[in-house]
Amino acid sequence: MRLRVLLPAVALCLGSVLPPIVGRAEAGVPGLNACPLYGDVHICSGEVASWDGSPLDVDLTLPATSAGSHPLIVMLHGFGNNKHEWESTSDAGDGADKWHWNNHWFAEHGFYVLTYTARGFFDDGVTRADQPATPAGVPAPCIRPGSACPPNGTIHLKSREFEIRDTQWLAALVAQAYPDLDVNQVAISGGSYGGGESWLQASQPVWDANTFVTPAPIPALPILQLQVAIPKYPWTDLAYSLAPNGHPGPFDATIYSSSQGSPTDFTDTGQGNPLGTAKSSYVVGFFLQGLIQGIFEAGTTTTPSDEGPIDIPSWAARAALVGDPYDADGKEDVIVAQIRRGLTEFRGSFYQDEAWAAELTSREVAVFSVSGWTDDLFPPVESFRQFKYLKSLDAEWPVALAVADVGHPRAQNPAFEWRPINSQAWEFLLNQITGSHRQQTNVLSMPTVCGAPSGGAGGQVQSLTAGTPEQLFNGSLTVQYASAGTLRNTKVTGPEDPDNLQTDPVVGFETGASGCRKSLTPAVFPDTTARYTAYSVGLDRSRIFVGLGHVDLTYTLLAAATATLNARVWDVAPDGTALLMTRGSYRIDTPAYNTTTQAIQLPLFGNHWTLAADHRIRLDLTQVDYPTFLPSNSLGAILTFPGAQLVLPTREAGDLTIPGA
């Protein structure tokens, strides 16, 4: 580690023992109040006008130390939440995700901490006992507290032309108000909705808010330098994350970069793969949550933009309610084309190819991205594809990954995994905050554990590190299921597979189900045309499955032009108990992207999971896995295949092949 990096980092670590801040407990940002104490930190609150005049509900936590200059970190909340999500009155936060990763922790270590309710959302107050009850701003002329107030104060889903500018504008106002803020030491972090923005912001190392308005502000706003981004359970391709198509990524033709389109598509519209299968329960659930907790953009915004007018409720209805077909001989309707372009070029960091390339000749923003093996919304491929892309530009791009049983449901989010991840993220941030710099980086993986780890709930789990996602594994476990299959679309005719509802991430979360989902169905599903189920022989030794994995088969599609094939993979104990390990989906779209008979590789979401000796591996294939995935409207579709092969990457070296039972 270079000395110029080490010394400032030591100063930050010692921040909590430096003298308390004196004489700075008043707001300098127009719209914020006098910064009262909440516990032992000062927080300024109020409504602040953004670059286009939209009112934003803002909190600014002042550093708890007075020595020297101070870094800034922006902490961004998830969809439907508000500015309080990353706030706490203690370093411990919620004990897991927010443990040593909240405004109190950073203020105690000398940071200014900017938290605000994203454009378009209401602020209904705190949701955890440890959160400080800072007042919400009221966006005049609207009356409900928060940042939702038409025509412009609407949810744009983290558009690079709206929410991304909001963050940079607020950061510049804070820097202008507090001269002891070091504009060259800026970090950003957020989870889910905030994680997607954190990745987008990483493609913009220089924050110059003066360019957002004409004429430019007088006096000019400070220009800030983003050094570090810490996205948690993020997206990098919003189109693919909400509706995976299962096709290999046009970027490098592998499942580790599966995407909606190519990052270098010259049309900048996300071309390359078909629109995927909508994650129905998530998309519908988030849409309903947005209607309750905010106001979606529906064509009311008067601020000009390159994207042009959009109607997000129309997007949701077209993709998640109406469904396929999304194209006729490769030609998409207007709304589908708008969705493809909007969720890639304007909201996906993976598609900011010009911006990433520009960093090669200036300064590369350092990124530590955290994804969840059991996160059915934004699975690890969201971090993997961006990691691979940046490393293809520069093998020493400072981008590191951590993958564990964390994130959105079905994740368990154990403290024994979050705490070491947060500690590693903190060390990474300290290393890079004084000036992001090229370096060799690693991928950290922690396992999914059903039940307490060895040593009890507070015990340690065995983590793995590697240079790339693919280097986590050294071999493979292949199961050859010889039995042929014929699957029909049971959207209307049934029967309903009980495991569809049992494994749905949203339904399980709302009903308090464990993240470790057990199968409810018998060993063989009664209607084999509704669900193909096959088992392996028992394993003769223990194996560690780590990585994505895939199902290989050659299908023939009859009586339809499009269909969806879904997979679930189970770990079956000798007593018959089956636990869901991973799942995946592949959308067939002929003739534009597929043929009626084709060999495919259906990618799985992946996991880090120990398969014990004598356990069997069960594979389910079905056209309908609802409500997790939206069923195809091709009601007469028939899929046939002569057998299937499951390939799971393993930590152990060597390629082991076993037969189906």
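Nothing in this text is a laboratory measurement; each read-out follows from the coordinates by a stated rule. Please read all numbers here as calculations on a predicted model, not as lab measurements. Cβ atoms come from the backbone with ideal geometry, glycine included; neighbour counts cover every protein chain shown.
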Which FRET efficiency value, to the nearest 0.05, is calculated for residue 465 and residue 322 with the Förster distance at 51 angstrom and r the Cβ-Cβ distance? 0.70
Relative to 2.2 N^0.38 Å, what does the C-alpha radius of gyration of segment 423-518 come to as a ratio? Two decimals please. 1.70
Subtracting the Cα-Cα distance of residue 450 and residue 653 from 0.36 nm times their residue separation yields 70.6 nm
Cross-link pairs beyond the 18 Å C-alpha cut-off, checked among 158/331; 279/331; 279/491: 158/331; 279/331
Suppose R0 equals 60 Å; then what is the FRET efficiency for residue 537 and residue 184 from their Cβ-Cβ distance, rounded to the nearest 0.05? 0.50
Quick check: Cα centre of segment 326-378 to Cα centre of segment 92-136, how many Å? 28
Between 0 and 90°, nearest 10: helix 163-177 axis offset from the chain longest Cα axis: 20
Dimensions of segment 247-363 along principal axes (Cα, Å, largest first)? 44, 35, 25
Quick shape summary for the chain, equivalent ellipsoid via Cα gyration tensor, semi-axes whole Å in descending order, reads 42, 28, 22
Nearest 500 deg cm²/dmol is fine: what mean residue ellipticity at 222 nm does the chain get from its DSSP H runs of n ≥ 4 alone, each adding -39,500 (n - 2.57), divided by its residue count? -5500 deg cm²/dmol
Once the other residues with Cβ under 9 Å from the Cβ of residue 265 are scored (Lys, Arg +1; Asp, Glu -1), what is the net sum? -3
What is the extension gain from residue 223 to residue 306, computed as 0.36 nm multiplied by their sequence separation minus the C-alpha to C-alpha distance, in nm to one decimal? 27.5 nm
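Which loop-located GluC sites (Glu not before Pro) does segment 371-462 contain, where loop means any DSSP state but H, G, I, E or B and the Cβ has at most 11 other Cβ atoms within 10 Å?
Counting only loop positions with at most 11 other Cβ atoms within 10 Å, none of the GluC sites (Glu not before Pro) in segment 371-462 qualifies.
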Rounded to one decimal in nm, the spacing of the 7 Å Cα→Cβ label points at residue 142 and residue 34 is 2.9
Along the principal axes of its C-alpha atoms, what lengths does segment 506-639 span, in descending order and rounded to whole Å? 43, 35, 29
Taking trypsin sites (Lys or Arg not before Pro) as exposed when DSSP calls them loop (any state but H, G, I, E, B) and at most 15 other Cβ atoms lie within 10 Å, what is the longest stretch of the chain free of them, the sites themselves excluded? 129-437
Output the 0 to 90 degree angle, nearest 10, between the alpha-carbon long axis of helix 3-13 and the longest principal axis computed from the alpha carbons of the chain. 80
